[in-house]
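Structure first, commentary second.
Read-outs: derived from the displayed coordinates by stated rules, not from any lab. Predicted, not measured: the structure shown is a model, and the values here were computed from it. Methodologically, a virtual Cβ is constructed for each residue, glycine included, from the backbone with ideal geometry; neighbour enumeration extends over all protein chains shown.
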Amino acid sequence: MSTKSIGQEFTKGLWDENPVFRQLLGLCPTLAVTNAVINGLAMGMATSFVLIFSSLVVSSIKKFIPSQVRIASYVVIIATFVTVADRFLAAFFPPISKSLGPYVPLIVVNCIILGRQEAFSSKNTVGRSLIDALGMSSGFVLAMLILSAIREILGMGTFLGYQVMGQWFEPWIIMILPPGAFITLGILLALALQIERKTKSRK
Amino acid sequence: MELVAIFVTAILINNFVLRYFLGICPFLGVSKKIDSAISMGLAVTFVMTITAAVSWVINHWILIPLKLDYLQIVSFILVIASLVQLVEMFIRKISPPLYEALGIYLPLITTNCAIFFLALMASLRDYSFLESVIFGVGSGLGFTLAIVLMAAIREQLDLADVPEALKGAGIALIVAGIMALAFLGFSGMIK
């Protein structure tokens, strides 16, 4: 059982235990769909939806799941919500669904979600699990937003499709291609580590 | 000819790691030594080949005839999880030395998104049975190539003077970025 206050339970996902920058989880979608802000945002939302509902279900039925088959049960629960998210996007937002492609079904194997079920929801109350899932989701959306904003602005000179850079700006095509994703995330990780070291040494 | 194109494309042009960002976790985690990188690569290739074949059978003989294709996500993930388990038991019986060599990497493959992506992609592109298997082998070899190259670079990196904050994942990702840049050069090979 976690003993943190409700506020701490939420904010730990934003920085201390941020899934992308601190725990290095869920890197595949983080790298793959952040070539435009709209894609990063949609992916962040879809993942949050799956994470929040899976946490709710797992924490409410945790007593009935035998521990030998718990991973398999979590995976089936997660896969169900992913199917819902996938169908929903395909029905109401076909262009987004098309540009995310097979990365929506891939949410199933996103280690953030399975990790939270195993590490948190299976041991804590429904309320706490919800707060934890909300915090982790916000942290994930935040990371997606930062990464995709950097890549879209430098790679295309736009933000959410609106021109933000002047006429003089020559887009860095590399940023919206795969290498740009790796390099941007590498630099962001180093930055996060540096900030963490600075704040630690001050304490 | 078609099959050769699928094979080469899967290894070099649409490399799973460097183009689709799949299997980043083992790519970063198991790439510190060349030996373990080779074992991991071969284990993935092995499971990918079998997954490609089995998921094709499930998709074309069960899901599509029964119009259950919306259950693809759930059924593929279950197939992969049980398959990895089966392969593990099989290898342990048939070839203990190989089992020893693969060790912990085998169960880890279940959570490798590359395998799941492979099953989805083969169904999305409507590959025939043979094409699926070739796609599986090629993708596995592509993963092996990427992870072994990465391990070779990282063994050298150990001797380099890397800034404190970039150590570990940071520098590994930047190296991967430069590798991805190099692999982009292959994209003109096949139209």
Where does helix B:169-184 land angle-wise versus the long Cα axis of chain B, in degrees 0 to 90, nearest 10? 70
Can you give the charge dipole size of the protein assembly as shown about its Cα centre, rounded to the nearest 20 debye, using +1 on the beta carbon of Lys and Arg and -1 on the beta carbon of Asp and Glu? 920
Sort B:45-54, B:81-90, A:125-134, B:19-28 by packing, meaning the average of other beta carbons within 10 Å per residue, with the highest value first. B:19-28, B:45-54, A:125-134, B:81-90
Put a dot 7 Å past each Cα toward the Cβ at B:Glu100 and B:Glu155; how far apart are the dots in nm? 2.1
Treat the count of other C-beta atoms within 10 Å as a stand-in for reagent exposure and order A:Thr158, A:Thr34 from fewest to most. A:Thr158, A:Thr34
Taking all pairs of different Cα atoms in segment A:97-203, averaging 1/r and flipping that mean, what Kirkwood radius in angstroms comes out? 16.7
How much length is gained if the chain between B:Val162 and B:Leu184 is pulled fully straight, taking 0.36 nm per residue apart and subtracting their Cα-Cα distance, in nm to one decimal? 5.3 nm
Charges at C-beta only: +1 for Lys and Arg, -1 for Asp and Glu. How large is the resulting dipole of chain B about its Cα centre, in Debye rounded to 20? 160
In the neighbourhood of B:Gly138 defined by beta carbon distances under 15 Å, the net charge of the other residues (Lys, Arg +1; Asp, Glu -1) is 0
Choose one of A:Leu191, B:Ala172, B:Val4: the residue whose Cα lies farthest towards the positive end of the charge dipole of the protein assembly as shown (beta-carbon charges +1 Lys, Arg; -1 Asp, Glu; about the Cα centre). A:Leu191
Just from its helices, what would the mean residue ellipticity at 222 nm be for chain B, if runs of 4 or more DSSP H residues each count -39500 (n - 2.57) and the sum is divided by every residue, rounded to the nearest 500 deg cm²/dmol? -21500 deg cm²/dmol
Using Cβ contacts closer than 10 Å as the measure, can you line up A:Phe88, B:Phe7 from fewest to most? A:Phe88, B:Phe7
Reachable aspartates and glutamates, given that their alpha-carbon falls under 14 Å from the alpha-carbon of B:Lys33 and they are not under 8 places away in the same chain: B:Glu155, B:Asp158
Restricting to lysines and to Cα separations under 27 Å from B:Lys32, and discarding same-chain partners fewer than 8 apart, the set is B:Lys167
For B:Met179, B:Met1, A:Met136, B:Met150, order by how many other beta-carbon atoms lie within 10 Å, fewest first: B:Met1, B:Met179, B:Met150, A:Met136
If you take the Cα Rg of the protein assembly as shown and divide it by 2.2 N^0.38 Å, with N the number of residues, what do you get? 0.98
Name the aspartates and glutamates eligible as straight-distance cross-link partners of A:Lys62: C-alpha to C-alpha under 15 Å, and not fewer than 8 places from it in the same chain. A:Glu118
Where the convex hull is taken over the Cα atoms of segment A:7-202, what is its projected area averaged over directions, in nm²? 12.7
Give the residue from B:Met89, B:Leu66, B:Ile77 lying farthest towards the positive end of the charge dipole for chain B; charges sit on Cβ (+1 for Lys and Arg, -1 for Asp and Glu) and the dipole is referred to the Cα centre. B:Leu66
Using R₀ = 30 Å, calculate the FRET efficiency as 1/(1 + (r/R₀)^6) where r is the Cβ-Cβ separation of B:Ala5 and B:Ile62; round to 0.05. 0.55
Near B:Ile73, within a Cβ-to-Cβ distance under 13 Å, what is the net charge of the other residues, with Lys and Arg +1 and Asp and Glu -1? -1
